[in-house]
Amino acid sequence: MTSPTPAKPDADRPWLDPNQVPQIVIAGVTKTYGSFNAVDNVNLRIYKGEIFALVGSSGCGKTTLLRMLAGFAEPTSGRLTLEGADLVGVPAHERPVNMMFQSYALFPHMTVESNVGYGLRTLSVPAAEKAKRIADALELVQLGHLGKRKPHQLSGGQRQRVALARALIRRPKVLLLDEPLSALDKKLREQTQFELMDIQHEVGTTFVIVTHDQDEAMALSSRIAVMDQGKVLQVGTPSEIYEFPRSRFVADFIGTTNFFEGTVIAGEPGIVTLQSDELGVPVRVDDLGRFSPGQRAWVAVRPEKIWLSKEPLADAGINQVKGTVWELGYLGNRSTYQVKTETGKLLSAVMQNDRRTAERAIDWNDTVYASWDVTAGIVLES
């Protein structure tokens, strides 16, 4: 396996610069309910201006961690700091953070302007300044022309932007977002992701987002923390998490992948070879020499890195298996295949439909050869 080349420290990657000070420090934080650890010894460093995503399945602890940052729950142990100031024990309304809830929680009897300005009610802001800040917030989310409407007169995407403007109007240092786009349909959700990134870039506020949608986290965030059973399993950029997962859980949770269990039979500089009974052929993977002969391991290969052909390629005995197209899904820009190998193993492959035709090059029940490059897979211990 070839490790990702470290990028030069720059303003867009402050976590790579040892001289940069994190804005948020989560150190050894644990939250216990009775004998259950909802959050288990979590350590994170989040830098100013990031869009930082917390992902994981239901019950993994991501929302509990967000609530502790917001002040709605206190850690059982550990330390939470924001720009060096201890947050533990500070009431939610006194923290320089704001939270945008999944439900948006707009007041139905108030206009859009009144909803957005609601957050200023406890601040000593002159009327003229208040009106200007409301107008600026609405312009930021491109709703300046809808200020007199009520929430029921808006679309789902517009209500989402009203909630975002209301959350930002107090100019928090950190904005916490709990499943912010889950109520939107797929196409609107994808469109709103870009709008959210544009707004965050303009205001420069740190966003910490909780989502169960892996694609959303990949599209939005500068970095992702993958959680399971209260623990953080891996932190990295979307490409690091996707291309270089450190465990089978991370590889399986982020995107789709094929797993082949096997035994290491040979190792040479930069290459490890496994014999996989599941596939019936040797599997060769680019690796740094972390594995020794006799060791059990798994190879993970993403579906888009598998090539299907009707004729065998060269070196047919390595990283190539014969099978039959068992399932086929046409998705417009790409087709997904389930190939049943001669050993009965099912593997997934994705191929782009790069030519405009109604005829498929590979169809149901075709005999095919699935192959992949030595750099396509990654070897995992657990």
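Coordinate-derived values only; no laboratory data. Being a predicted model, the structure only gives us computed values, none of them experimental. Reconstructed Cβ throughout: ideal geometry from the backbone, glycine too, with neighbour counts over all protein chains shown.
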The range 222-271: GluC sites (Glu not before Pro) falling in loop per DSSP and having at most 14 other Cβ within 10 Å: none
Inter-part distance where the range 237-287 and the range 123-190 are each reduced to a Cα centre, Å: 44
Ranked list, fewest to most other Cβ atoms within 10 Å of each Cβ, for ILE46, ILE271, ILE24, ILE241: ILE271, ILE24, ILE46, ILE241
Computed FRET value (nearest 0.05) for ASP354 with GLU139, which takes r as the C-beta separation and R₀ as 56 Å: 0.85
About the Cα centre, charge dipole magnitude for the chain (Lys/Arg +1, Asp/Glu -1 at Cβ), debye: 1460
Sequence of MET99, MET351 once ranked by neighbouring C-beta atoms within 10 Å, starting from the fewest: MET351, MET99
Label corresponding to Cα extents along the principal axes in Å when calculated from the structure given, among [x] 76, 51, 43; [y] 128, 44, 40; [z] 60, 50, 46: [x]
In degrees, nearest ten, helix 127-140 long axis to first principal axis of the chain (Cα): 20
Gained length - ASN43 relative to LYS130, 0.36 nm times residue gap less alpha-carbon distance: 27.4 nm
Alpha carbon centroid spacing (whole Å) that separates the range 304-365 from the range 191-230: 33
Cβ-based exposure ranking for ASP178, ASP213, in which fewest neighbours within 10 Å come first: ASP213, ASP178
Sum of -39500 (n - 2.57) over DSSP H runs of 4+, divided by residues of the chain (222 nm, nearest 500): -6000 deg cm²/dmol
Nearest-20 debye value, the range 289-382 charge dipole, Cβ charges on Lys, Arg, Asp, Glu: 180
Distance in nm between pseudo-label sites at HIS109 and LYS231 (7 Å out along the Cβ direction from Cα): 5.1
Full-extension gain in nm, GLU261 to THR76, via 0.36 nm per residue minus C-alpha separation: 62.6 nm
Pair PHE194, ASP286: separation of 7 Å Cα→Cβ label points (nm): 3.1
Whichever aspartates and glutamates have a C-alpha closer than 18 Å to that of LYS31, once near sequence neighbours (fewer than 8 apart) are set aside: ASP40, GLU74, ASP86, ASP228
Surrounding net charge for VAL232, when Lys and Arg each add one and Asp and Glu each subtract one, Cβ distance under 13 Å: +3
Rounded to the nearest 20 debye, dipole of the range 54-148 from Cβ charges on Lys, Arg, Asp, Glu: 160
Sites GLU311 and GLU240 - FRET efficiency at Förster radius 35 Å, r taken between beta-carbons, to 0.05: 0.45
Loop-located trypsin sites (Lys or Arg not before Pro) in the range 130-224 whose Cβ has at most 12 other Cβ within 10 Å (DSSP): LYS148
FRET efficiency, THR32 to LEU331 (Cβ-Cβ, R0 56 Å, nearest 0.05): 0.80
Under 27 Å from LYS340, Cα to Cα: lysines that are on another chain or at least 8 residues apart: LYS305, LYS310, LYS322
Sparse-neighbourhood loop sites, trypsin sites (Lys or Arg not before Pro) in the range 309-382 - DSSP loop, at most 12 other Cβ within 10 angstrom: LYS310, ARG355, ARG356
Using alpha-carbon coordinates, inclination of helix 156-168 to the longest axis of the chain, degrees: 60
The chain: angle of helix 186-203 to the longest principal axis, Cα-based, in degrees nearest 10: 60
